[in-house]
Amino acid sequence: MKNCRHGNNAVAGCRFAGVRAPSRGKRKRGFTLVEIMLAIGIVAFAFLAILAMLPVGLATFNKAVDSTVEARISQQIFSDAQQVKFSNIDGTAGGRFFDAEARQVGAGDNFVYHAVVNPPVSKFSVSTFTRTVTVDIAKNRLITPDLKSERGAVRTYVFVVADVGL
């Protein structure tokens, strides 16, 4: 073999300069199949734990949405009761239907929430200048006496309306 120059140094066997044959006793760098399978198993276990939490999170989210919409419906009804003449407040009683975004719809339309405004009661009020108004709200069902006996099927909101001289 002839000498050739590599940089400033003369190197013998120029074709193989700086390259060594791997020794059979040394291990190659990288991961074994067992190590890769263990890593995949650990990652899969972590993903399963995360996926198991999704239904609980979605149920909590749906309950929060329902509570928000029901609060908006009850606030609309309370606002309506405040805007009528105090002597005519009994006329606000009755059933109303709402969609998923708390917009009032007709009875024949596809409704999501059914709200029943109970007749105002003056005996539970603080004075003769106030009336207590209760609103029952149910989701995807018509409110009946049987439904009211089911635990959690109907939410009740209570308001006190004052006579402001309208």
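The values are calculated or read from the model by the stated rules, or taken from the named source; none is laboratory data. Here the structure is a predicted model, which is why all the values come from computation and not from measurement. Every residue, glycine as well, gets a Cβ built from its backbone with ideal geometry; the counts of neighbours run over all protein chains shown. When the accessible area is computed, the model is the full protein with side chains, heavy atoms only, and any ligands, DNA or RNA have been set aside. Shrake-Rupley method; radii C 1.70, N 1.55, O 1.52, S 1.80 Å.
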(message) The conditions are (1) touching a helix residue (DSSP H, G or I) at 6+ places or on another chain (Cβ under 7 Å); (2) touching a residue at least 40 places away in the same chain (Cβ under 8 Å); (3) closer than 16 Å to Asp136 by Cα; (4) not polar (S, T, N, Q), and Gly95 fails exactly one of them. Which is it?
(response) (1)
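Can you say whether Asp80 is in contact with a helix residue (DSSP H, G or I) (Cβ under 7 Å, 6 or more places away or on another chain) and within 30 Å of Asn118 (Cα to Cα), as far as the supplied structure shows?
Numbers: in contact with a helix residue (DSSP H, G or I) (Cβ under 7 Å, 6 or more places away or on another chain): yes; within 30 Å of Asn118 (Cα to Cα): yes.
When the stated conditions are applied, Asp80 passes them.
Going by what's in this entry, would Ser74 be described as touching a residue at least 40 places away in the same chain (Cβ under 8 Å) and open to solvent by less than 60 Å² (accessible area, probe 1.4 Å)? Working first, answer last.
Values: touching a residue at least 40 places away in the same chain (Cβ under 8 Å): yes; open to solvent by less than 60 Å² (accessible area, probe 1.4 Å): yes.
So Ser74 passes the test.
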(request) Provide a single number: the residues in region 93-131 that are in a loop (DSSP other than H, G, I, E, B) and at pLDDT below 85. (result) 16
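Being within 27 Å of the chain's Cα centre (by Cα) and either open to solvent by 60 Å² or more (accessible area, probe 1.4 Å) or within 18 Å of Arg155 (Cβ to Cβ) (or both) is the filter here, so list the residues in region 80-111 that pass it. It would help to see each step written out before you state the result.
If we filter region 80-111 for residues that are within 27 Å of the chain's Cα centre (by Cα), which is where we start, we get 96-105, 109-111.
Result: Arg96, Phe97, Phe98, Asp99, Ala100, Glu101, Ala102, Arg103, Gln104, Asp109, Asn110, Phe111.
Please verify whether Thr134 is at pLDDT 70 or above, within 19 Å of Ala102 (Cβ to Cβ) and under 26 Å from the mean Cα position of the chain (by Cα), treating the condition exactly as stated.
In short, no.
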(message) Out of everything in region 144-166 that is open to solvent by less than 30 Å² (accessible area, probe 1.4 Å) and modelled with pLDDT under 80, what residue ends up being farthest from the chain's Cα centre (by Cα)?
(response) Leu147
